[in-house]
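Colleague: Mind having a look at this structure? Questions to follow.
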Amino acid sequence: MADHSQHPSVTQICKRYFYEQGLPEQKLESWHFCDNEHDANTCLALVLAGEKKATSPSLWWYEANNESLPQEGDLNVVTNFLGEARCIIKTTKVTITPFNQISEAYAHTEGEGDKSLAYWKRVHWAYYHRELADTDFEPERDMPIVCEEFEVVFVQEAS
């Protein structure tokens, strides 16, 4: 979920990243995973540990919120639930897949829980109900899911 009122650490991580890359500084979108503090910070920890390499909002969330879809090569700042920058990720692949066609391999790439497809379906089905609650959409078994794979390209050292 994009954060349009960025924490100062977002500016700091962008400055450091682009300086170390020898590139002109850019302002990047920042966001945290999930819709609650526990899950957001757990997913962030999985990313920092190299376990979580994908995320999967519904296409309908993007449509309901008038947000652009991620594109291969996009850079984003991932924060904790409080908006404090922890890393920069680069999108490596984006596909749109119906919920009921998500593969075991993709669930494993997403890296949550026991990394099984059964776990992925259970927690994401519940999440999509919350994600779409204030929209005109209702979760459906064949709803389109934006499967965004990424790699961590920069980590903010804890202060």
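Colleague: Would you please state which residues of region 99-133 a label at D35 would reach in this model, taking the label point 7 Å out along Cα→Cβ and a backbone N cut-off of under 12 Å?
Modeller: Backbone N within reach: 124-133.
Colleague: Once you've got the GNM for the chain with C-alpha springs shorter than 10 Å, pick whichever of S116, S68, S30 has the biggest mean-square fluctuation.
Modeller: Residue with maximal mean-square fluctuation among S116, S68, S30: S68.
Colleague: For region 8-155, compute the number of Lys pairs whose alpha carbons are separated by less than 15 Å, excluding pairs fewer than 8 positions apart on the same chain.
Modeller: Numbers: K15/K27; K27/K90; K52/K90; K52/K93; K52/K115; K53/K90; K53/K93; K53/K115.
Within region 8-155, the lysine pair count is 8.
Colleague: Moving on to the next point. Relative contact order of region 8-155: what whole-number percent is it, with Cα pairs under 8 angstrom and at least 6 residues apart?
Modeller: Working: 252 pairs, mean separation 45.6, N = 148.
It rounds to 31 percent for region 8-155.
Colleague: Rounding to the nearest 20 debye, state how big the charge dipole of region 23-137 is about its Cα centre with +1 on each Lys and Arg Cβ and -1 on each Asp and Glu Cβ. Could you put the intermediate results ahead of the total?
Modeller: Details: 10 positive and 18 negative charges, 75 e Å.
In debye, rounded to 20, region 23-137 gives about 360.
Colleague: Let me ask something additional. What figure in square angstrom, to the nearest 10, would you give for the accessible area of E84 with a 1.4 Å probe?
Modeller: For E84, solvent-accessible area is about 70 Å².
Colleague: Continuing with the same structure: List the chymotrypsin sites (Phe, Trp or Tyr not before Pro) in region 96-159 that DSSP assigns to loop (not H, G, I, E or B) and whose Cβ has at most 14 other Cβ atoms within 10 Å. Which are they? Don't jump to the answer; show the numbers that get you there.
Modeller: Values: sites: F99, Y106, Y119, W120, W125, Y127, Y128, F137, F150, F154; in loops: F137.
Taking region 96-159 and a limit of 14 other Cβ atoms within 10 Å, no loop chymotrypsin sites (Phe, Trp or Tyr not before Pro) are found.
Colleague: If you don't mind, there's one more thing I want to ask. Compare V123, V77, V94 in a GNM of the chain, Cα atoms joined below 10 Å, and give the one with the largest fluctuation.
Modeller: Evaluated over the chain, the most mobile residue of the options is V123.
The values are calculated or read from the model by the stated rules, or taken from the named source; none is laboratory data. Remember, predicted model here, so these are calculated numbers, not experimental data. A quick note on method: Cβ atoms are made from the backbone with ideal geometry, for glycine too, and the neighbour counts reach across all protein chains shown. Accessible surface areas use protein heavy atoms only, side chains included; no ligands, DNA or RNA. Shrake-Rupley method; radii C 1.70, N 1.55, O 1.52, S 1.80 Å.
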